[in-house]
Amino acid sequence: MKKIYTFIFTLTLFNIALAQTIADPGVNGAKTLPEPGLVNGQGTFSFNFQNNGDRQLDLAPVPTTIKITLNKLDPILNAGALQVSGAGADYFNWTYNSGTHTITGTQNKVIPAAASPQQGVGGPVIFEVIFTAESTQAEATAGTGNGGNVNVQPGAGGNGDANNDNTSGYTYTSGFLPVGFGFTTASFSGGKLKVEWETVSEKDNESFVIEASTDGEKFVALDKVSTQAPDGNSDAKIKYTYSRDWQEIAKQFGFSPIQLAIMALLLISSLVAAKRAKKGAMFLSLALLVTVGIGCRKENKELDVDEYPTVFVKIGQINKDGTTTNYSKIVKVTAE
């Protein structure tokens with residue numbers, strides 16, 4: 001009998017300890033920006049995810065999931081991948097079902113316990129989206145505007161508070177744009193600037209203008225690309241690719257011939273250093289750049305030091321009447 005009492009007492013203590021340590025996955029602060037938006041315009045849908053409990057969220061046997069139901073919004077995809085960022089997003093793998101307009105996040109790692117209820121572990125989750133239909137302020141208030149609902153499905157770690165398992169955020173529109181941009185990327189590869197972008201729809205579109213900047217504020221027009229939409233109109237996604245030798249483009253930024261030569265020298269020697277795994281070639285390139293390149297100026301503008309200078313790109317949409325109505329988001333050129 002004594003052993004039975006001891007077992008019951010031990011089990012009671014275990015249950016008390018377990019009750020005192022419980023995970024609490026929660027979401028809050030859902031919002032859709034900008035407010036108001038524009039049909040075919042880009043924006044973001046975001047919320048905060050946190051584990052507010054004093055117990056970690058384990059993966060096994062059941063991971064925590066997040067389900068997001070979008071309304072009059074589509075997420076921007078690049079090669080099928082959602083464009084998502086934020087500290088809270090890193091704890092999940094994200095997929096999109098276009099048939100149901102739902103995004104699902106599945107926990108991919110252990111989420112640590114919170115230091116306190118006021119210091120939850122996680123952070124923002126931010127999706128790039130496009131406004132697909134018009135809506136009114138009344139619809140936004142009623143939860144039927146442009147936006148979405150976020151719901152947490154707790155996994156094996158438990159759920160300390162069911163009141164923070166759901167959040168929603170909606171806005172409305174105040175006009176439309178003739179062209180809807182999807183993803184935009186830009187990269188340096190093999191001495192060329194490569195720009196790719198996608199349109200989700202086009203109306204009375206004539207062409208696109210590719211603009212670049214070294215500071216992200218003052219842009220220079222580089223080239224024009226004609227629309228692929230029949231007569232400038234399309235309801236289907238269209239992908240565009242533009243490529244041009246970087247040294248030709250650099251002249252439009254006002255770089256001097258010696259600056260262009262330095263860029264070419266740095267690129268070639270860096271590639272040689274990487275291929276042969278010899279540090280000497282790289283050091284030689286850097287030495288040449290420091291002693292000669294930094295001193296080369298034109299109109300007080302210095303060449304940024306790297307294989308390529310820092311460059312930002314955006315795409316402008318030109319209507320049939322010659323006006324530019326819409327721009328893609330600004331992206332920083334990456335080196336491949």
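The values are calculated or read from the model by the stated rules, or taken from the named source; none is laboratory data. Computed from a predicted model, the values in this text were never measured in an experiment. Cβ atoms come from the backbone with ideal geometry, glycine included; neighbour counts cover every protein chain shown. Note: accessible area is taken over every heavy atom of the protein model, side chains too, but ligands, DNA and RNA are not part of it. Shrake-Rupley method; radii C 1.70, N 1.55, O 1.52, S 1.80 Å.
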I'm trying to understand the selection: among the residues of the range 73-89, which are crowded, with 16+ Cβ neighbours inside 10 Å and without any contact (Cβ under 8 Å) to a residue 60 or more places away in the chain? Pro75, Leu82, Val84, Gly86, Gly88, Ala89
Taking the range 36-67 only, how many residues are open to solvent by 50 Å² or more (accessible area, probe 1.4 Å) and either touching a Ser or Thr at 6+ places or on another chain (Cβ under 8 Å) or in a strand (DSSP E or B) (or both)? 7
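Of all residues in the range 139-179, which are under 26 Å from Pro34 (Cβ atoms) and assigned to a loop (DSSP other than H, G, I, E, B)? Give the steps one after another, and end with the answer.
Going through the range 139-179, the residues under 26 Å from Pro34 (Cβ atoms) turn out to be 139-151, 166-179.
Matches in the range 139-179: Gly143, Thr144, Gly145, Tyr172, Leu177, Pro178.
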Of all residues in the range 308-336, which are open to solvent by 20 Å² or more (accessible area, probe 1.4 Å), assigned to a loop (DSSP other than H, G, I, E, B) and on the phi < 0 side of the Ramachandran plot? Tyr308, Thr310, Lys320, Asp321, Thr323, Lys329, Ile330, Glu336
What pairs come up if the first residue lies in the range 217-242 and is within 20 Å of Ala79 (Cα to Cα) and among the aliphatic types (A, V, I, L, M), the second is part of a loop (DSSP other than H, G, I, E, B) and modelled with pLDDT under 95, and their beta carbons are under 7 Å apart, counting only those six or more places apart or on different chains? none
Within the range 190-219, take every residue that is modelled with pLDDT under 95 and open to solvent by 50 Å² or more (accessible area, probe 1.4 Å) and give me the one that is nearest to Gln252 (Cα to Cα). Lys218
If Leu70 meets every condition in (1) in contact (Cβ under 8 Å) with a residue 12 or more places away in the chain; (2) assigned to a loop (DSSP other than H, G, I, E, B); (3) aliphatic (A, V, I, L, M) apart from one, which number is that one? (2)
